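The structure appears below as structure tokens.
The values are calculated or read from the model by the stated rules, or taken from the named source; none is laboratory data. Just so we're clear, the structure is a prediction, and the values are computed from it rather than from any experiment. Methodologically, a virtual Cβ is constructed for each residue, glycine included, from the backbone with ideal geometry; neighbour enumeration extends over all protein chains shown. Surface accessibility is based on the protein's heavy atoms, side chains included, excluding ligands, DNA and RNA. Shrake-Rupley method; radii C 1.70, N 1.55, O 1.52, S 1.80 Å.
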Amino acid sequence: VYQPVSVSRPRATSSVAFWPGSAAITCILKDNGTAAGALVFCWAGSQWPPTTHVKMGLDGRLDQTTLIQEPMGLGGPALQYGKSVTVGRLRCTSKTAGLSCIVVKTGMGLLIGASGISQIGP
């Protein structure tokens with residue numbers, strides 16, 4: 001007797017969020033399930049290396065000095081206002097003020113927009 005097998009799609013381990021505004025903001029979310037392998041890296045502008053950038057890990061602390069390797073081949077539609085993308089334990093949401101990215105469990109995170117970078121959360 002044939003038994004159908006349920007095959008689940010693997011969860012995404014990385015994604016990119018683009019802000020629809022004119023500030024050209026991009027965030028890369030990565031989460032491979034380890035503490036060291038979970039990060040959000042966001043930057044403003046299209047020039048590399050960016051002058052405005054931020055890296056955040058699972059502790060929700062912001063690091064504005066570390067630069068990641070230049071990502072290649074990024075593209076796609078912008079994340080429309082009010083929409084979110086979640087990768088593992090991280091989520092970025094497009095807002096009129098910019099892209100906010102948080103650690104889902106704690107709500108700690110960042111907001112990057114035309115006015116700069118700020119810490120958000122409880």
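When the solvent-accessible surface of protein heavy atoms is calculated with a 1.4 angstrom probe, in what order do Ser15, Ser94, Ser84 fall, highest first? Walk me through the intermediate numbers first.
Numbers: Ser15 30, Ser94 0, Ser84 60 Å².
Final ranking, largest accessible area leading: Ser84, Ser15, Ser94.
Short-range pairs are left out: with C-alpha atoms under 8 Å and at least six residues apart, the relative contact order of segment 11-89 is 31 percent.
Which is the longest stretch in the chain that no exposed loop site breaks, taking sites as trypsin sites (Lys or Arg not before Pro) with a DSSP loop state and at most 14 other Cβ atoms within 10 Å?
On the way: sites that count: Arg11, Arg61, Lys83, Lys105.
The segment 12-60 is the longest one with no such site.
How high is the relative contact order of segment 82-122, in percent, counting Cα pairs under 8 Å that sit 6 or more residues apart? Before the final figure, lay out the partial values.
Values: 76 pairs, mean separation 10.8, N = 41.
The value is 26 percent.
In the complete set of protein chains, residue-level accessible area for Leu62 is approximately 50 Å², probe 1.4 angstrom.
Accessible surface of Ile25, taken over heavy atoms with a 1.4 Å probe and every protein chain present, rounds to 0 Å². These residues, Met108, Met56, Met72, go from largest to smallest accessible area, 1.4 Å probe, as Met72, Met108, Met56.
With the full set of protein chains in place, find how many percent of the accessible area of the chain is carbon and sulfur; take the probe as 1.4 Å. Don't jump to the answer; show the numbers that get you there.
Values: 3880 of 7340 Å².
About 53 percent, which is the carbon plus sulfur part of the accessible surface.
Among the chymotrypsin sites (Phe, Trp or Tyr not before Pro) within segment 37-98, those in coil by DSSP and having at most 15 neighbouring Cβ atoms inside 10 Å are Tyr81.
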